[in-house]
Amino acid sequence: MKIKNLKLKITLRGFTLIELLIVMGILAILAVVIMMAINPAKRQKQARDATRKSDIGQIANALNSYFSANSLFPVPSGPASISGLTSLRASGDLKIIPFDPVGNEYQYLISSTGNNSEVALYAALEDATSGVGDWVWCWRSASVSVGEITEGGCTP
């Protein structure tokens, strides 16, 4: 009789295959729910946008410093990396001209009045908080404003 009880105890100690499959299914569902809540692709876009905003702020500070010393902004000839922003490196106001996290160049525009007293600097955002459509992070020297606006609206 003791032998039968010993066999019974051994078979009752483990989990059945069905129980293990149910637990694994529940864990898989929880993992999917958590991944949907975290959404790593969205977080990466937000991180790249944060870098763009920081770079725009850094270049804007350098432009303000350059303007304070020279009473005019450097003259651009195109995108930021090949434009008048190279003058910021020469003056020491900017150590390097940063690139957008995906390798694009920041756009630098100057007013058409000819006195080099108003500029705008912008970069396209991947995950804009203002709504659907194409948005840019724009800094304007004239209004000393920075923020999200629709693409094409960032002018000095």
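The values are calculated or read from the model by the stated rules, or taken from the named source; none is laboratory data. Quick caveat, the model's predicted, so the values are computed rather than measured. All Cβ positions, glycine included, derive from the backbone under ideal geometry; neighbour counts span all protein chains shown.
Yes/no per residue for (1) in a loop (DSSP other than H, G, I, E, B); (2) at pLDDT 80 or above:
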| site | (1), (2) |
| --- | --- |
| 97 | yes, yes |
| 112 | yes, no |
| 115 | yes, no |
| 127 | yes, yes |
| 139 | no, yes |
| 147 | no, yes |
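Give segment 117-156 a look and list any residue that's touching an Asp or Glu at 6+ places or on another chain (Cβ under 8 Å) and of a type in the set (A, V, I, L, M, F, W, C), or say none.
Of everything in segment 117-156, those that are touching an Asp or Glu at 6+ places or on another chain (Cβ under 8 Å) and of a type in the set (A, V, I, L, M, F, W, C) turn out to be 123, 124, 125, 128, 135, 136, 137, 138, 142.
Would you check if there is a residue in segment 23-32 being assigned to a helix (DSSP H, G or I) and modelled with pLDDT under 85?
Narrowing segment 23-32 to residues assigned to a helix (DSSP H, G or I): 23-32.
Okay, now just the ones that are also modelled with pLDDT under 85, so none.
Within segment 23-32 (the criterion being assigned to a helix (DSSP H, G or I) and modelled with pLDDT under 85), the answer is no, since none of the residues qualifies.
Could you go through segment 104-121 and let me know if any residue there is surrounded by fewer than 17 Cβ atoms within 10 Å (Cβ to Cβ), touching a residue at least 24 places away in the same chain (Cβ under 8 Å) and among the aliphatic types (A, V, I, L, M).
Taking every residue of segment 104-121 in turn, none turns out to be surrounded by fewer than 17 Cβ atoms within 10 Å (Cβ to Cβ), touching a residue at least 24 places away in the same chain (Cβ under 8 Å) and among the aliphatic types (A, V, I, L, M).
Looking only at segment 52-74, filter to residues that are touching a strand residue (DSSP E or B) at 6+ places or on another chain (Cβ under 9 Å) and farther than 19 Å from residue 116 by Cβ; which one of those is surrounded by the fewest Cβ atoms within 10 Å (Cβ to Cβ)?
It comes out as 57.
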